[in-house]
Every structure is written in structure tokens, then in C-alpha cells.
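The values are calculated or read from the model by the stated rules, or taken from the named source; none is laboratory data. Nothing here was measured: the structure is a model prediction, and the numbers come from that model. So basically every Cβ, Gly included, is an ideal-geometry build from the backbone, and we count neighbours across all protein chains shown. Just the protein is used for accessible areas: all its heavy atoms, side chains included, with ligands, DNA and RNA removed. Shrake-Rupley method; radii C 1.70, N 1.55, O 1.52, S 1.80 Å.
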Amino acid sequence: LSVEAGSVDATAAFVGRDKELDKLVAVFDDAVASHCARLVTIVGSPGLGKTRLARELMSTLEGQARMRETRCDPAGSATFAPIAELLRSAASIADDADEDQVIAALLALLPAHDEDRERIAARAAAILGAGQPGSTEETFWALRRLIETAAQVSPVVLVLDDLHWAEPMLLDLVEHLAEWIDD
């Protein structure tokens with residue numbers, strides 16, 4: 001017995017979910033073909049295999065897209081903590097990075113010719129406790145621009161697990177991204 005959280009056994013056979021996986025791959029293919037974002041919600045009872053299905057999708061799309069996975073904390077955390085985790089991972093930002101290091105890492109994700117790159121990096125860095133906090137609209141805009149920039153290189157798949165634990169503002173961000181991400 002253990003009080004530690006269990007892990008999904010990725011070596012177990014993936015059985016009986018091919019139809020659902022095919023639907024997810026079809027949505028991905030449609031998003032790529034149309035150059036638009038798609039929002040997919042996987043709903044089901046606890047233990048049904050939603051996380052496993054998402055991980056199988058990520059495995060299936062390996063080499064076709066940039067993929068990031070994060071989860072919302074049931075114990076509650078900062079509103080944008082899952083997004084901060086994504087940013088840290090995407091930009092290889094250490095937990096103990098100072099403000100200048102955070103902004104420099106985010107700037108490295110943006111093309112040099114982007115006239116808004118410093119403003120984008122500063123607003124996105126605020127999610128990580130650095131940079132210049134802006135309005136909700138500016139924060140959403142900066143995060144959207146970072147994702148759009150990454151998607152210009154290759155498609156991006158973001159998996160937000162346990163979204164039912166998300167704060168309302170994070171849900172608003174997800175809606176914003178699904179509606180406004182372009183190309």
C-alpha cells in the first residue's frame with residue numbers, strides 16, 4: 001500500500017478506444033488543414049482513461065506537433081499555474097530563474113522581427129512572477145501570441161488535464177485561445 005499517487009502504466013495495451021483516438025486525430029488533422037485552433041473536451045468518470053487517451057494522442061502525433069501537457073491542481077493553486085508550468089517547460093525556465101532570465105527565455109521563443117516581442121515576453125513573464133503584469137486582455141493576448149508563434153513552426157497540442165479544477169479565469173483563457181488563435 002502507498003499513499004503516493006499512482007501512475008498510468010504506459011506499457012499496458014491500449015484497448016477498445018481506437019474510435020475515440022481516431023476522432024481526436026481527425027480533429028488535429030482538421031485544425032492543421034484549416035490553420036485554426038480546435039478545442040476538444042474529453043469528459044468521463046474518474047478512472048475511465050481520459051488521461052491515457054490524451055497521452056495516446058500525444059504518442060500518435062509524435063513528430064507531427066509540439067505537445068505539452070499540464071494539469072490543474074485539485075488542492076487549488078494560482079489561477080494560471082498550469083500555464084506557468086507550460087511556459088517553464090516550453091522555454092526551459094528554471095524554477096529559480098530571476099526576472100531577466102525569465103524574460104530572456106520568453107524572448108528567445110519569439111522571432112526577432114516581431115515588433116511586439118518585448119511586450120509579449122513581459123506580459124507572459126508576469127504569469128511566472130516576473131515581467132510587467134497587464135490587464136486580463138493583455139495577458140490573454142500575450143499567451144495567444146506565444147502559441148501562435150510556436151504553431152508557425154509546427155502544430156501545437158496543449159493538454160490541460162483535470163480542467164474541472166481550473167479557476168474561472170483559466171477557463172476564460174482556454175475559451176479565448178480556442179476562439180482567437182489564428183494560423
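Over its Cα atoms, what ratio of radius of gyration to 2.2 N^0.38 Å does the chain give?
Normalised by 2.2 N^0.38 Å, the Cα Rg of the chain equals 1.07.
Where does each of 77, 154 land when they are ordered by accessible area, with a 1.4 Å probe and the largest first? Walk me through the numbers before you get to the answer.
Numbers: 77 55, 154 30 Å².
My answer, sorted largest first, is 77, 154.
Which percent, to the nearest 5, of DSSP beta bridges fully inside the chain are antiparallel? Don't skip to the end; give the middle numbers.
Working: 1 of 8 bridges.
Antiparallel: roughly 10 percent of the beta bridges in the chain.
So if I average 1/r over every pair of distinct C-alpha atoms in the stretch 49-126 and take the inverse, what Kirkwood radius in Å does that give?
Numbers: mean 1/r = 0.0694 Å⁻¹.
One over the average 1/r among Cα pairs gives 14.4 Å for the stretch 49-126.
Roughly how far apart, in whole Å, are the Cα centres of the stretch 90-164 and the stretch 24-87?
That distance is 18 Å.
Would you tell me the accessible area of residue 51, worked out with a 1.4 angstrom probe on the heavy atoms of the protein chains, in Å² to the nearest 10?
30 Å²
Let me have the 222 nm mean residue ellipticity of the chain computed from DSSP H runs of 4+ only, each contributing -39500 (n - 2.57), with the sum over all residues rounded to the nearest 500. Don't jump to the answer; show the numbers that get you there.
Values: 7 runs with 88 residues, N = 183.
After summing the helix terms and dividing by the residues of the chain, the value is -15000 deg cm²/dmol.
Which angle between 0 and 90 degrees, to the nearest 10, do you get for helix 81-91 versus the longest principal axis of the chain when only C-alpha atoms count?
Rounded to the nearest ten degrees, it is 80.
Carbon-plus-sulfur fraction of the accessible area of the stretch 50-144, 1.4 Å probe, in percent?
The C+S portion of the solvent-accessible surface of the stretch 50-144 is 45 percent.
Give the shape of the stretch 98-145 as rounded, prolate or oblate, defined through the alpha-carbon gyration tensor: a ≥ b ≥ c are the square roots of its eigenvalues, a/c under 1.5 means rounded, and otherwise the shape is prolate if a/b is larger than b/c and oblate if not.
Values: a/c = 2.11, a/b = 1.06, b/c = 1.99.
Taking the square roots of the gyration eigenvalues as a ≥ b ≥ c, the stretch 98-145 is oblate.
Work out the FRET efficiency for residue 104 and residue 12 from their Cβ-Cβ distance, taking R0 = 35 Å, and round it to the nearest 0.05. Present the calculation step by step, with values, prior to reporting the outcome.
Numbers: r = 42 Å, r/R0 = 1.19.
So the FRET efficiency works out to roughly 0.25.
How much length, in nm to one decimal, is gained on full extension between residue 178 and residue 148, taken as 0.36 nm per residue of separation minus their Cα-Cα distance?
Values: separation 30, 0.36 × 30 = 10.80 nm, distance 1.14 nm.
Value of the extension gain: 9.7 nm.
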